[in-house]
Amino acid sequence: MKTPSHIVYYDGYCGLCHASVRFIIKHDKYKVFRYASLQSDFAQQRLPQHHLKTTDTIILFANGNLLTKSIAVFTIVQLLGFPYNMLLVFKAFPISTGNRVYYFISKHRYRVWGKLNTCLLPSQKHKDLFLDT
């Protein structure tokens, strides 16, 4: 199978991550993104080991590069286009600031959005967008 050019790797047990993936799917007009949970065999086979030791960050494979944390988020909103790309105004802040905000949200994500007992399966309508089903 040819590797898609944009893959969003996410924590399959995180309620916030699932909500984020659903948001991206809903607003991805050109169907640029494909998805795989970090816990999937697909991710295990394709990501470097150091990326698999933690699930506290989103990982975006974009045109051969692995992007994480705020850089991954900024790249996603850029590709989603208007009006979401207006969030790119926050790129004016240093990357370290964006990553601190990212870590704060990541640290509290299970408490606020919940931790699922199992990875959710995609709907039949979106099954072709997921690489780990």
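Here are some notes:
- Only one entry in Val8, Val32 is touching a strand residue (DSSP E or B) at 6+ places or on another chain (Cβ under 6 Å), without any contact (Cβ under 8 Å) to a residue 60 or more places away in the chain and either acidic (Asp, Glu) or under 20 Å from Lys127 (Cβ atoms) (or both), namely Val32.
- The number of residues in the stretch 113-133 being in contact with a helix residue (DSSP H, G or I) (Cβ under 9 Å, 6 or more places away or on another chain), part of a helix (DSSP H, G or I) and at pLDDT 75 or above comes to 2.
A quick yes/no check of all residues on (1) assigned to a loop (DSSP other than H, G, I, E, B); (2) of a type in the set (Lys, Arg); (3) more than 23 Å from Lys107 (Cβ to Cβ); (4) under 14 Å from the mean Cα position of the chain (by Cα):
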{"residue": "Arg22", "(1), (2), (3), (4)": "no, yes, no, yes"}
{"residue": "Tyr30", "(1), (2), (3), (4)": "yes, no, yes, no"}
{"residue": "Thr55", "(1), (2), (3), (4)": "yes, no, no, yes"}
{"residue": "Phe74", "(1), (2), (3), (4)": "no, no, no, yes"}
{"residue": "Leu87", "(1), (2), (3), (4)": "no, no, no, no"}
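- Extreme residue, modelled with the lowest pLDDT, among residues of the stretch 34-53 that are assigned to a loop (DSSP other than H, G, I, E, B) and among the hydrophobic types (A, V, I, L, M, F, W, C): Leu47
The values are calculated or read from the model by the stated rules, or taken from the named source; none is laboratory data. Everything numeric here is computed off the predicted structure, so don't read it as measured data. All Cβ positions, even for glycine, are placed from backbone atoms using ideal geometry, and neighbour counts span all protein chains on display.
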